[in-house]
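The values are calculated or read from the model by the stated rules, or taken from the named source; none is laboratory data. What you see is a predicted model; the values in this text were computed from it and never measured. Cβ placement follows ideal geometry from the backbone for every residue including glycine, while neighbour counts extend to all protein chains displayed. For accessibility, only protein heavy atoms count, side chains too; no ligands or nucleic acids. Shrake-Rupley method; radii C 1.70, N 1.55, O 1.52, S 1.80 Å.
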Amino acid sequence: MEGMLHTLHEFMVYTKGITYILIVLALFGITGFWLFLTGGDEEKK
Amino acid sequence: MSISRRKFLGWLAAAGGGAVLGKSADAASNKHFTGYPGSKGVLYDSVLCIGCRNCETGCNKVNDLPAPDKPFDDLTVMDTHRRTDDKTYTVVNKYQNPNYPKSPLYRKIQCNHCLEPACASACFVRAFTKTPVGAVTYNASVCVGCRYCMIACPFEIPAYEYDSAFSPRIMKCTMCYPRISKGQLPGCVEACPTEALSFGKRDQLLKLARERIRKYPGRYVEHIYGEREMGGTSWLYLSAVPFKEIGMREDLGVTPAPELTAGVLNAVPMVVGIWPVLLTGIYAINKRNQKVADAESEAAVTVALDQAKLEAETKLSEALAKAEKEKAEAIEQEVKKALEEAAKAQEADDSDEGEEGTGETKTEEDA
Amino acid sequence: MSEESTTTSRSYLTPFNMIAGIIIILGLIVTALRFTKGLATVTNLSDYNPWGIWIGFDLMVGVALAAGGYVTSAAVYLFGMKKYHSAVRPAILTGFLGYALVVLALHYDVGRPWRLPYPFIVQQGTTSLLFEVAACVALYLTVLFLEFSPAALEWLGLKKVRRLAIRFTLILTIFGVILSTLHQSSLGALFLIAPSKLHPLWYSSYLPIYFFISSIIAGLSMVIFEGTLAHRYYAHKMDSAHMEEKDHVALGFGKAASFVLAGYLITKVIGISAGNHWHLLGTGYGIWYLVELLGFVGLPCFLYALGVREKNLVLIRWTAVLTVIGVVLNRLNISLIAFNWHLPSSERYFPHWMEIVISAFIVTIGLVAYRFIVSRMPIFYEHPDYKESH
Ligand code: SF4
Ligand code: SF4
Ligand code: SF4
């Protein structure tokens, strides 16, 4: 029982839960990465 | 309980990855879900139903629902089509029998306890749970009252307490979850005087239904409603006539509800992943283009400026030269004049000359 | 013109104020009823029809028509169309007000509004598209607020905070576009779970794409439409840049809208073909579908094109109105008119007059807030202190 997923719905709850967390991390991450990437350009307005 | 634990694991997995992710990948590789093993269900055999409304009475009693407007033994209520509402979890409707107009047909409706409930998939606070025993339960303590579950349910089961201002709830059959978890029969099944309702393991009920169809040829249409409808339901139906004759929709299809939205949900992270890259790219390209354009126009401006400067300089030097000349002439004249004056005035002319000298310096400075 | 308007703002008994006043008083009464007696007293909602015009109009239409904010800021800040810069602030303002009112309307519609944060803080229903809509709308409202804040900060004279807010323009714009893409399309995707209730001509697995494309159309047309109205009543507020760019905006956005409408029309036809629903076009619903498709997608597409080619600003402005009506119609069709089409007419929904009062009440609040803001904050002109910086 434990750790086993029996219904598609449960599978979706589980995977989408992780996905949403990843989305939040991704948004922050890519913003940070862009700043890192363009940090050498030294312009910034 | 197990769900919140799983959720916690999900957090862990997202935070650290590792073993937990491996486990979910196992589940992903086997995307065919067959439901909880040994989960329960009810078989409703409309051929055996006599339309006595005892199940309605039983349901009303075990669920402490308010008394209906007309008593349960008043069978005339069945002359109009009814549906489940906030005071009724189950309803028996009467239908014309196309084969024997004299003997009407009946059909009981209540929540079908879908194997993949649309209501649960739709609820944005996960108020619904498909329990391992088979019942789809509802938790009013988190429900916001958006009523999206009612939009989603293909069987039009959930009802809402519209007249409650402060604590409206979704109301629907619970498969008597509290009773069946204690090993008791659902209220309606217990109240049924015939074999029209049978409670048991869903697999076994399917066998039982098939057996009845086989044993009594011609009595049933060869279809068990709920076996595959909307991905399958825990409540199963047998009928003597095509199911649409007893008010059941035959056009629902067999796609489980979560699959209807899976595509879009899967697209969400892709939008989040790709859009920033695309949009920032477009922005960067535009900015670059603009920089190039700016640089070009800047260069043009510099050239123009240089030219203007050159022109101005030539003009200036010309003007200066001219001024010099004029000045020289003026000085000459002044000197002449001074000399003449000096000659005329004889003494005390030194200071006059000096004064004029300062005047000259000033003009030069101005130029 | 400017003289007229100043006199209007001085005397309070203008027709606008009188009508707005009546609606607001009625609205307050119905509000009291709604929150003390429950939904049953003020709505015609039923177990078959759980969503009425507060969702169909206030949410669906409201969000679509507030799309001008992301469309304009993306055009200017991301796609580098600097010449439309003066259109950004008004569009952001209407977007912000629009979303704020959507959220207000939701408080009327849901059974227990004080639980609206539950999906985020108590239990996340991550499989629900409504969860996604709720999350994106909440975040986008914040983004719009931040995008709008420079205007308010200029008005308040808080230079330092403003400079900080301006620095985030790019990030906010990109976030705004992502969030808008997601929730505009998810509003359509809400209905994906009910294939058995929505008429097959409107039900399509392309619904999210249709909603996204038509939100761009709605955004572009609303900018033109609002620009026209604003110019009529607030010309005295506009600076020369705004006045000069105004016609460019109408022409440019009209051109864009025309082309997007053409693409939309193509995807819609492909949708019919993908579902093989040609035979349904001959039915009553089919004819209604064709009215929507030809009269409110095809026709405006053509009229915009004509207007742009002939530089006919009057035609463009009227086409914008037609297009906006078309998007309203589309949202109402999907959420109310073609929804539950299988039910007998006795079970169908028609709004209660009190539901209409609340919808009108909410729109009126929006108008009043809009008037309050544009007559005080630098929306149609650049604040003299901050001219060169953007
Ligand atoms: S019948 Fe409706 S309410 Fe019952 S489980 Fe299925 S979707 Fe949910
Ligand atoms: S009404 Fe309640 S149970 Fe139904 S979807 Fe909304 S929050 Fe979930
Ligand atoms: S299972 Fe229980 S709640 Fe459901 S209809 Fe029967 S008695 Fe009512």
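Given B:P68, B:P37, which one is at pLDDT below 95 and open to solvent by less than 90 Å² (accessible area, probe 1.4 Å)? Give the steps one after another, and end with the answer.
Details: B:P37 fails: open to solvent by less than 90 Å² (accessible area, probe 1.4 Å).
Result of the check over B:P68, B:P37: B:P68.
Out of everything in region B:104-127 that is within 8 Å of another protein chain (Cβ to nearest Cβ) and open to solvent by 20 Å² or more (accessible area, probe 1.4 Å), what residue ends up being nearest to ligand 3 (Cβ to nearest atom)?
Selected residue: B:L115.
Suppose we keep only residues that are open to solvent by less than 50 Å² (accessible area, probe 1.4 Å) and without any contact (Cβ under 8 Å) to a residue 40 or more places away in the chain within region B:238-259. Which one would you say is nearest to B:L197 (Cα to Cα)? Break it down stepwise before answering.
Here is the first cut: in region B:238-259, the residues open to solvent by less than 50 Å² (accessible area, probe 1.4 Å) are B:238-241, B:243, B:246-248, B:252-253, B:256-258.
Remaining after also requiring without any contact (Cβ under 8 Å) to a residue 40 or more places away in the chain: B:243, B:253.
On the way: B:F243: 17, B:G253: 25 Å.
The selected residue is B:F243.
Looking only at residues that are among the acidic types (D, E) and open to solvent by 30 Å² or more (accessible area, probe 1.4 Å) in chain A, which one is modelled with the highest pLDDT? Spell out the reasoning first.
Of all residues in chain A, those among the acidic types (D, E) come to A:2, A:10, A:41-43.
With open to solvent by 30 Å² or more (accessible area, probe 1.4 Å) added as a condition, the list becomes A:2, A:41-43.
Numbers: A:E2: 48, A:D41: 63, A:E42: 54, A:E43: 51.
Within chain A, the match that is modelled with the highest pLDDT is A:D41.
I'm trying to understand the selection: among the residues of region B:128-158, which are near ligand 1 (Cβ under 10 Å from one of its atoms) and either small (G, A, S) or facing chain C (nearest Cβ under 8 Å) (or both)? Let's see the steps before the verdict.
Taking region B:128-158 as the starting set, the residues that turn out to be near ligand 1 (Cβ under 10 Å from one of its atoms) are B:128, B:130, B:135-138, B:149-150, B:152-158.
Matches in region B:128-158: B:A135, B:M150, B:A152, B:P154, B:E156, B:P158.
Please go through region C:165-214 and give me each residue that is among the β-branched types (V, I, T) and farther than 20 Å from C:W341 by Cα, ordered by number. Spell out the reasoning first.
Applying the first criterion (among the β-branched types (V, I, T)) to region C:165-214 yields C:166, C:169, C:171, C:173-174, C:177-178, C:181, C:193, C:209, C:213.
Across region C:165-214, the qualifying residues are C:I166, C:T169, C:I171, C:T173, C:I174, C:V177, C:I178, C:T181, C:I209, C:I213.
What residue, among those in region B:211-244 that are assigned to a loop (DSSP other than H, G, I, E, B) and charged (D, E, K, R), is farthest from ligand 3 (Cβ to nearest atom)?
Of the residues in region B:211-244, the ones assigned to a loop (DSSP other than H, G, I, E, B) are B:216-224, B:226-228, B:232, B:234, B:239-242.
Adding the requirement that they be charged (D, E, K, R) leaves B:219, B:222, B:227-228.
Details: B:R219: 25, B:E222: 27, B:E227: 19, B:R228: 22 Å.
The qualifying residue farthest from ligand 3 (Cβ to nearest atom) is B:E222.
Within region B:174-196, is even one residue in contact with a strand residue (DSSP E or B) (Cβ under 7 Å, 6 or more places away or on another chain) and part of a strand (DSSP E or B)?
Scanning region B:174-196, I find no residue that is in contact with a strand residue (DSSP E or B) (Cβ under 7 Å, 6 or more places away or on another chain) and part of a strand (DSSP E or B), so the answer is no.
Out of curiosity, is B:K207 free of Cβ contacts under 8 Å to residues at least 12 places away in the same chain, surrounded by fewer than 20 Cβ atoms within 10 Å (Cβ to Cβ), within 16 Å of ligand 3 (Cβ to nearest atom) and among the basic types (K, R)? Let's see the steps before the verdict.
Details: free of Cβ contacts under 8 Å to residues at least 12 places away in the same chain: yes; surrounded by fewer than 20 Cβ atoms within 10 Å (Cβ to Cβ): yes; within 16 Å of ligand 3 (Cβ to nearest atom): no; among the basic types (K, R): yes.
Against the criterion (free of Cβ contacts under 8 Å to residues at least 12 places away in the same chain, surrounded by fewer than 20 Cβ atoms within 10 Å (Cβ to Cβ), within 16 Å of ligand 3 (Cβ to nearest atom) and among the basic types (K, R)), B:K207 does not qualify.
Looking at (1) surrounded by fewer than 20 Cβ atoms within 10 Å (Cβ to Cβ); (2) facing another protein chain (nearest Cβ under 8 Å); (3) touching a residue at least 60 places away in the same chain (Cβ under 8 Å), which one does B:A165 not meet, given that it meets all the others?
(3)
Taking the options B:S103, B:S121, name whichever one is in contact with a Pro (Cβ under 6 Å, 6 or more places away or on another chain) and either away from ligand 1 (no atom under 16 Å from the Cβ) or over 21 Å from C:A40 (Cβ atoms) (or both). Outline the logic, then answer.
Details: B:S103 fails: in contact with a Pro (Cβ under 6 Å, 6 or more places away or on another chain).
One residue alone meets the criteria, B:S121.
Being away from ligand 3 (no atom under 14 Å from the Cβ), touching a strand residue (DSSP E or B) at 6+ places or on another chain (Cβ under 8 Å), at pLDDT 95 or above and more than 27 Å from C:P344 (Cα to Cα), is that true of even one residue in region B:142-149?
Scanning region B:142-149, I find at least one residue that is away from ligand 3 (no atom under 14 Å from the Cβ), touching a strand residue (DSSP E or B) at 6+ places or on another chain (Cβ under 8 Å), at pLDDT 95 or above and more than 27 Å from C:P344 (Cα to Cα), so the answer is yes.
Given the conditions (1) in a helix (DSSP H, G or I); (2) open to solvent by 60 Å² or more (accessible area, probe 1.4 Å); (3) touching a residue at least 60 places away in the same chain (Cβ under 8 Å), report the number of the one that C:F253 does not fulfil.
(2)
When the residues of region C:188-210 are filtered to those that are crowded, with 23+ Cβ neighbours inside 10 Å and among the aromatic types (F, W, Y), which remaining residue is farthest from the other protein chains (Cβ to nearest Cβ)?
By that ranking, first place goes to C:W202.
For region A:4-24, give me the residue count where each residue is within 19 Å of B:M230 (Cα to Cα) and at the interface with chain C (Cβ under 9 Å from one of its Cβ atoms).
Adding up the residues that qualify gives 3.
Check region C:109-120 and report whether any residue there is touching a residue at least 60 places away in the same chain (Cβ under 8 Å) and touching an Asp or Glu at 6+ places or on another chain (Cβ under 7 Å).
Taking every residue of region C:109-120 in turn, none turns out to be touching a residue at least 60 places away in the same chain (Cβ under 8 Å) and touching an Asp or Glu at 6+ places or on another chain (Cβ under 7 Å).
Out of the residues in region B:61-83 that are in contact (Cβ under 8 Å) with a residue 60 or more places away in the chain and within 9 Å of ligand 3 (Cβ to nearest atom), state the one that is farthest from the chain's Cα centre (by Cα).
Filtering region B:61-83 for residues in contact (Cβ under 8 Å) with a residue 60 or more places away in the chain gives B:61-63, B:81, B:83.
From what is left, the residues that are within 9 Å of ligand 3 (Cβ to nearest atom) are B:61-63.
On the way: B:K61: 39, B:V62: 37, B:N63: 34 Å.
Only one residue tops the list, namely B:K61.
Determine which member of the set C:F339, C:F302, C:F350, C:F372 is of a type outside the set (S, T, Y) and open to solvent by less than 60 Å² (accessible area, probe 1.4 Å). Before the answer, list the steps.
On the way: C:F302 fails: open to solvent by less than 60 Å² (accessible area, probe 1.4 Å); C:F350 fails: open to solvent by less than 60 Å² (accessible area, probe 1.4 Å); C:F372 fails: open to solvent by less than 60 Å² (accessible area, probe 1.4 Å).
It is C:F339.
Could you list, in sequence order, the residues of region C:36-52 that are part of a helix (DSSP H, G or I), open to solvent by less than 20 Å² (accessible area, probe 1.4 Å) and either farther than 10 Å from C:Y108 by Cβ or more than 7 Å from every other protein chain (Cβ to nearest Cβ) (or both)? Full working, then the answer.
Initial filter on region C:36-52 (part of a helix (DSSP H, G or I)): C:36-37, C:39-42.
Checking which are open to solvent by less than 20 Å² (accessible area, probe 1.4 Å) leaves us with C:39, C:42.
Matches in region C:36-52: C:V42 only.
Give region B:138-153 a look and list any residue that's near ligand 2 (Cβ under 6 Å from one of its atoms) and aliphatic (A, V, I, L, M), or say none.
B:V144
Please tell me if C:G111 is open to solvent by less than 20 Å² (accessible area, probe 1.4 Å) and not in a helix (DSSP H, G or I). Talk me through it step by step, then tell me what you get.
Numbers: open to solvent by less than 20 Å² (accessible area, probe 1.4 Å): yes; not in a helix (DSSP H, G or I): yes.
Here the answer is yes, as C:G111 does meet what is asked.
Among the candidates C:A105, C:A66, C:A100, which residue alone is more than 16 Å from ligand 1 (Cβ to nearest atom) and open to solvent by 10 Å² or more (accessible area, probe 1.4 Å)? Write out each step before concluding.
Working: C:A105 fails: open to solvent by 10 Å² or more (accessible area, probe 1.4 Å); C:A66 fails: open to solvent by 10 Å² or more (accessible area, probe 1.4 Å).
Criteria check complete, one pass: C:A100.
Looking at region B:132-153 only, could you name the residues that are in contact (Cβ under 8 Å) with a residue 60 or more places away in the chain and either over 25 Å from B:T34 (Cβ atoms) or open to solvent by 10 Å² or more (accessible area, probe 1.4 Å) (or both)?
Selection gives B:P132, B:V133.
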